[in-house]
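One structure below.
Just so you know, all these numbers are worked out from the coordinates, no wet-lab data involved. Every value quoted in this text rests on a predicted model; they were computed, and no experiment measured them. Cβ sites come from the backbone with ideal geometry, for glycine too, and all protein chains shown count toward neighbours.
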Amino acid sequence: MPKAKPKHIDKPQNILIPPSYTTDWGKAYCGDSIELLSQLPNDSVNLVMTSPPFALQRRKEYGNKDQSEYIGWLSEFAKLVLKKLKPDGSFVLDLGGAYRKGIPARSLYNFRIPIHFCDDLGFYLAEDFYWFNPSKLPSPIEWVNKRKIRAKDAVNTVWWFGKTEYPKADVTKVLTEYSDRMKKLLEDPDKFYDPKKRPSGHDIGKGFGKNNNGAIPSNLLQIPNSESNGSYMSSCKSISVKRHPARFPAKLPEFFIRFLTEPGDLVVDIFAGSNTTGYVAEKEQREWISFDSEIDYVAASAFRFLEKNASVDTLRDVYESIKSGHSIKLSAYRSQMRLLREKSASYEA
Ligand SMILES: C[S@@+](CC[C@H](N)C(=O)[O-])C[C@H]1O[C@@H](n2cnc3c(N)ncnc32)[C@H](O)[C@@H]1O
């Protein structure tokens with residue numbers, strides 16, 4: 001587990017209801033994000049990283065909106081996000097694509113969002129990212145599997161908005177591994193490279209032979225959504241509660257949290273689901289706040305912050321206490337479990 005947070009970086013947070021649970025670095029709340037977000041101080045948040053329910057044709061269990069009403073619905077959250085972000089804050093929004101009802105033509109809803117947010121609400125589109133999930137199953141079944149007239153849809157749009165033109169960002173925090181060709185070049189730049197101007201006008205000079213400890217990442221993020229999710233999945237299984245059906249992989253928020261924030265900054269997820277964002281923020285020593293309207297999701301998300309070998313009794317206790325409206329300090333649970341283990345070890349000795 002990450003180090004405990006130094007006391008001086010606690011930020012003022014005005015939320016009126018008690019959190020469902022707290023950790024060393026964060027607080028998870030159950031409720032409507034419109035109400036909860038409006039209670040945060042203005043200009044206080046460094047990053048809102050989130051994935052809302054998508055505008056799908058097939059309604060999912062967590063309340064997707066129709067495509068036609070979707071943009072109006074999402075805008076209400078976005079207006080508040082704009083107010084709550086610090087001037088150099090960022091809003092990162094992961095959106096899956098969708099087809100129009102009954103025809104093999106794409107909905108434009110996810111492309112209309114950056115146009116509306118920038119033209120009408122005042123955001124700046126800092127960069128458009130694309131999350132390629134190679135492990136995605138072919139869909140929609142009708143057009144891809146049955147009629148075979150469309151390719152499988154495996155890319156989500158991830159819009160990175162700034163409150164101003166210059167949101168805080170440091171790409172050196174998210175460098176990727178050099179390609180084999182680049183590694184060879186770095187071993188012996190003189191032998192490998194013949195500096196000359198490219199047709200594009202780029203002057204490929206000696207500077208390209210400098211080792212920067214990694215390559216600049218591109219805006220195509222290849223992340224399979226097949227990770228094990230550590231204690232979350234196994235804990236849900238062991239007490240037979242449903243896992244969240246639309247989690248994003250931890251590598252997605254990890255990229256943006258490292259890229260756009262520094263330790264001690266505040267990261268908020270307004271549609272937190274299983275709280276992947278809070279879990280990553282905790283590991284990265286960022287303060288975090290998460291909101292979700294479904295108590296079952298909030299209760300199960302607490303498992304992410306318990307030890308992997310938490311007993312069934314502890315899991316059930318945490319889950320049921322949160323569901324019945326108690327506010328839980330998960331760090332206290334962790335130290336209690338450690339004590340119990342130490343006690344039983346000394347009995348055995
Ligand atoms: C796509 S899921 C997010 C999954 C999350 N990224 C994860 O990794 O688990 C969207 C979540 O938004 C929540 N939600 C929908 N409307 C909401 C609202 N008005 N306020 C708070 N949460 C809401 C749903 O309950 C659902 O869990």
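Listing for the model above:
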read-out	value
Residues with amide H under 5 Å from that of S90, placed H, sequence gap 5 or more	L47, V48
Order of S240, S234 under a 10 Å beta carbon neighbour criterion, fewest first	S240, S234
Under Karplus coefficients 6.51, -1.76 and 1.60, residue-wise ³J(HN,Hα) of the range 110-121 in Hz, glycine/proline x	6, 7, 5, 4, x, 5, 5, 5, 7, 6, 10, 9
Ascending count of other beta-carbon atoms within 10 Å, so fewest first, for R112, R147	R147, R112
Cβ-Cβ FRET estimate between I149 and N219, R0 fixed at 30 Å, reported to 0.05	0.55
Order of V48, V81 - criterion: other Cβ atoms within 10 Å of each residue's Cβ, fewest first	V81, V48
Cβ-based net charge around D153, under 13 Å, with every Lys or Arg adding one and every Asp or Glu removing one	+3
Charge context of I34, other residues only, Cβ under 11 angstrom, K/R +1, D/E -1	-2
Net charge of Cβ neighbours under 15 Å - reference D170; Lys, Arg +1; Asp, Glu -1	-2
Note, ³J(HN,Hα) from phi for the range 84-89, Karplus 6.51, -1.76, 1.60, rounded to Hz, x at Gly and Pro	7, 5, 5, x, 9, x
At R0 = 25 Å, FRET efficiency that the Cβ-Cβ distance of S139 and D313 yields, to 0.05	0.05
W288 long-range amide H proximity, modeled H, under 5 Å	G26, K27, V267
Derived scalar couplings ³J(HN,Hα) [the range 93-104; Karplus, 6.51 cos²θ - 1.76 cosθ + 1.60; whole Hz; x for Gly, Pro]	10, 8, 10, x, x, 8, 9, 6, 4, x, 10, x
